[in-house]
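Here is the structure we will look at, set down as structure tokens.
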């Protein structure tokens, strides 16, 4: 793996650290909201699991290549405070938009297993972002980004 690929994968790991934190924050904010937040909680749980798995897989790839993956920060500034169901869903969509963008930036710099992982990450992030927006009652015409991965 060349230096450009390591840099791109490291950037994606950093994005995933923040996404894990953000998805956990959304889930925590949704937990006490009861039945009205059930669907959003399910999306937050799925996002947390997906981001954690991607972060761990990317970390393993970097370690296998002899690179040092970036460490997680103790806390992150969230782009949206998950103070309500709608805000938590907006946060989840934003986190997945960032994953898609970072995946898009990395996909052309890697090959093999890493490329397969990142292509899948881009597709899954785009789908999760769309689900979050649709659950937040964003109109279908604006819930889908024409070019996922491009902010």
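Each reported figure results from applying straightforward, stated rules to the coordinates on display, with no laboratory input. Because the structure is predicted, anything quoted here is derived from the model rather than measured. Counting neighbours? That spans all protein chains shown, and the Cβs are built from the backbone with ideal geometry, glycine included.
Arrange the following residues from fewest to most other Cβ atoms within 10 Å of their Cβ: 2, 105.
Fewest to most other Cβ atoms nearby, the residues stand as 2, 105.
Going by alpha carbons, how many degrees (0 to 90, nearest 10) lie between the helix axis of 38-64 and the longest principal axis of the chain?
10
Return the label of the correct value of Rg and Dmax of the Cα atoms in Å, as calculated from the structure shown, out of [x] 14.7, 40; [y] 15.3, 49; [z] 15.7, 55.
Of the labelled values, this structure produces [y].
Run the helix sum for the chain: -39,500 (n - 2.57) per DSSP H stretch of 4+ residues, divided by residue count, reported at 222 nm to the nearest 500 deg cm²/dmol. Numbers along the way, then the final one.
On the way: 5 runs with 106 residues, N = 151.
Using -39500 (n - 2.57) per qualifying helix, the result is -24500 deg cm²/dmol.
Between 0 and 90 degrees, rounded to the nearest ten: what's the tilt of helix 112-135 against the longest Cα principal axis of the chain?
It works out to around 10 degrees.
Starting with the highest mean, order 36-43, 83-90 by the number of other Cβ atoms within 10 Å, averaged over the residues of each peptide.
Values: 36-43: 17.5, 83-90: 19.2.
Order by mean packing, descending: 83-90, 36-43.
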